[in-house]
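Quick notes on the structure that follows.
Each value in this text was obtained by applying a stated rule to the coordinates, not by laboratory testing. None of these values were measured; they are calculated from a predicted model. Here Cβ is always computed from backbone atoms with ideal geometry, including for glycine, and neighbour counts include all displayed protein chains.
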Amino acid sequence: MTGALAGVRVVDMTSTVMGPSSTQLLGDHGADVIKVESPSGDTTRHVPPMNSSDMGCAYLQLNRNKRSVVLDLKQQEHLRAMHELLKTADVFVYSIRPNAMARLGLSPEDLAELNPKLITVSLVGFGKGGPYTGRPVYEDLIQGLTAVPSLLMRTGSPEPHYVPVAFNDRAVGLFAASAMLAALFHRAQTGESQHIEVPMFESMAQFVLGDHMGGRAFEPPNGPAGYPRTLTPERRPYKTSDGYVCAIIYTDTHWRSFGKLVGRPDLLEEDERFKDLRARTVHAEETYAFVREIMPSRTTAEWLRLLTDADVPATPLHTLESIFDDPHLNATGFFERTEHPTEGTLLTVRGPANWSKTPPQLRRPAPHRGEHTAEVLEEIGYSEAEAQKVATAGQSWTA
């Protein structure tokens, strides 16, 4: 095993997107991630398209660098196996609700006695102490609770709708990964383990309000919540003579450069609405509308060349089809083709950071359900016969 986290064992009892995305980050950096699945398996296994049963496209993208163990924790023999596994772990992360974990004897207090060095991480919808505590939650509900569909209406959508990206799941997955790394560092410095609760609602309320506190940042408020520049309906890709271009004319330097391009070199001095960032924020709708009126005068290619040469940030507007042909992503090796033992050639995306010493690596393809049950149990002290007995039971569930 290689990587910055080599030697760290993470027992992962999460499913769908949030938890698996966080543990995959740790696995990419060398952690031994053991994915404990119920007899029915992670729900993303069943998301099509797929080449074979239980190996859906979403599952394959979220579960590389992991080993799969199937345990039915309602059976005492399997619960005992879970206890033995957790004795060998550094981190245990789970998305089962705390009350259910307590009924299984897997509360943070129980686990602290079982393994005093174990860091436990509970991924929940809502933090403890409030009226929502213990409720189930999913991506769409968090988007609603954090006002995202309402924000889209403020920007011109006729009705509230959800953003078609699971950005809450993935963002909270990042928060959870950073929390686990911080806890590992703290343990390395002090020897102390701890329990961490990562609530989805509170995490993403912070995420959204970080942009939109507005006047509510002060007591008493000196204005309404919301960031006017991002809430104007005019903030959208600009239509050119033959398509669209995405451009951000933001700083004073950007505006001076743009003014020269459109024959208004003294634009900042001539128009009070554009003179500085504060004025442009107050008059956000007018500033976007000003640019929008000019953009149809040239083609997308012309604008991209002119704006890039003027050092004004601008890009094409991609579709889900064209992004796969993006020259930058392809030049930097962002897309990787790997061979899965049963699923054939897979197109995956690598981690976005570049590392001089410990880059993330693909060491294991996404596993089949229960593929490593016997292997892992033998590692933690089970005899071959005992391990095979549990593994065989898992195979009968997955048949």
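What do you get for the angle between helix 76-86 and the principal long axis of the chain? Use alpha-carbon atoms, 0 to 90 degrees, nearest ten.
60 degrees
Any aspartates and glutamates with Cα under 12 Å of the LYS128 Cα? List them, leaving off those in the same chain fewer than 8 positions away.
The qualifying aspartates and glutamates are GLU197, GLU202.
Which Cα, out of MET18, PRO359, SER52, lies furthest along the positive dipole direction of the chain (beta carbon charges, K/R +1, D/E -1)?
It is MET18, whose Cα lies furthest towards the positive end.
5 Å is the cut-off here: which amide hydrogens, built 1.01 Å from N in the peptide plane, fall below it relative to LYS35, excluding neighbours closer than 5 in sequence?
ASP12, ARG67, SER68, VAL69
Give the relative contact order (percent, whole number) for the stretch 238-316; include only Cα pairs under 8 Å separated by 6+ residues.
On the way: 101 pairs, mean separation 35.9, N = 79.
Computed value for the stretch 238-316: 45 percent relative contact order.
Beyond 18 Å, what share of the Cα-Cα pairs of the stretch 172-279 is found? Please give it as a whole percent. Walk me through the intermediate numbers first.
On the way: 4126 of 5778 pairs.
The proportion of pairs with Cα distances above 18 Å equals 71 percent.
If Lys and Arg each add +1 and Asp and Glu each add -1, what is the summed charge of the other residues whose beta carbon sits under 10 Å from the beta carbon of VAL10? Before the final figure, lay out the partial values.
Details: positive: ARG9, LYS35, LYS66; negative: ASP12, ASP32, ASP90.
Once all neighbours under 10 Å are counted, the net charge is 0.
Treating cross-link reach as a plain straight distance, find the lysines whose alpha-carbon is under 25 Å from the alpha-carbon of LYS389, omitting any fewer than eight places away in the same chain.
LYS35, LYS66, LYS74, LYS87
Net charge around LYS117, counting only other residues with Cβ within less than 10 Å of its Cβ (Lys, Arg = +1; Asp, Glu = -1)?
Numbers: positive: LYS87, ARG187; negative: ASP90, GLU192.
Summing Lys and Arg as +1 and Asp and Glu as -1 gives 0.
Please sort 133-143, 369-379 by packing, taking for each peptide the average over its residues of neighbouring beta carbons within 10 angstrom, highest first.
Ranking the peptides 133-143, 369-379 by packing returns 369-379, 133-143.
If you add up the charges near GLY259, with Lys and Arg at +1 and Asp and Glu at -1, over every other residue whose beta carbon is less than 11 angstrom from its beta carbon, what do you get? List each step's numbers first, then the result.
Values: positive: ARG256, LYS260, ARG264; negative: ASP252, ASP266, GLU269, GLU270, ASP271.
Neighbour charge sum, excluding GLY259 itself: -2.
Which semi-axis lengths, in whole Å and largest first, follow from the square roots of five times the eigenvalues of the Cα gyration tensor of the stretch 48-111? Let's see the in-between values first.
Working: eigenvalues 146, 35, 33 Å².
Each semi-axis is the square root of five times an eigenvalue, giving 27, 13, 13 Å.
Taking every pair of Cα atoms in the chain, average 1/r, invert it to obtain the Kirkwood radius, and report Rg/Rh to two decimals.
Values: Rg = 25.5 Å, Rh = 24.3 Å.
For the chain, the value is 1.05.
Kindly provide the chymotrypsin sites (Phe, Trp or Tyr not before Pro) of the stretch 263-362 that DSSP labels as loop, not H, G, I, E or B, and whose Cβ sees at most 12 other Cβ atoms within 10 Å.
Working: sites: PHE274, TYR288, PHE290, TRP303, PHE324, PHE334, PHE335, TRP355; in loops: PHE334, TRP355.
Qualifying residues, ordered by number: TRP355.
Name the residues whose placed amide hydrogens come within less than 5 Å of the amide hydrogen of ILE196, ignoring near sequence neighbours (fewer than 5 apart) on the same chain.
Placed amide hydrogens put THR120, VAL121, SER122 under 5 Å from ILE196.
What translational diffusion coefficient, to the nearest whole µm²/s, does the stretch 238-316 have by Stokes-Einstein, given a Kirkwood radius computed over alpha-carbon pairs, a temperature of 20 °C and 1.002 mPa s viscosity? Numbers along the way, then the final one.
Numbers: Rh = 12.5 Å.
It diffuses with D of about 171 µm²/s by this estimate.
In terms of the ratio Rg/(2.2 N^0.38 Å) built on C-alpha atoms, what value belongs to the stretch 46-185? Don't skip to the answer; put the middle values down first.
On the way: Rg = 18.4 Å, N = 140, 2.2 N^0.38 = 14.4 Å.
Expressed relative to 2.2 N^0.38 Å, the Cα Rg reads 1.28.
So how do 51-63, 8-20 stack up, highest first, on mean other-Cβ count within 10 Å?
On the way: 51-63: 18.7, 8-20: 23.7.
My ranking of the peptides, most packed first, is 8-20, 51-63.
In percent, what relative contact order does the stretch 1-105 have, based on Cα pairs under 8 Å that are 6 or more apart in sequence? Walk me through the numbers on the way to the answer.
Working: 178 pairs, mean separation 33.8, N = 105.
Across the stretch 1-105, relative contact order equals 32 percent.
For the stretch 243-327, which GluC sites (Glu not before Pro) are both in a DSSP coil and crowded by at most 10 other Cβ atoms within 10 Å? Show your work: numbers first, answer last.
Values: sites: GLU269, GLU270, GLU272, GLU285, GLU286, GLU293, GLU302, GLU321; in loops: GLU321.
In loop regions of the stretch 243-327 (DSSP not H, G, I, E or B), the sparsely surrounded GluC sites (Glu not before Pro) are GLU321.
Only loop residues by DSSP count here, and only those with at most 16 other Cβ atoms within 10 Å; note down the trypsin sites (Lys or Arg not before Pro) in the stretch 58-133 that meet that. Can you show the working numbers first?
Details: sites: ARG64, LYS66, ARG67, LYS74, ARG80, LYS87, ARG103, LYS117, LYS128; in loops: ARG64, LYS74, LYS87, LYS117, LYS128.
Answer by residue number: LYS74, LYS87, LYS117, LYS128.
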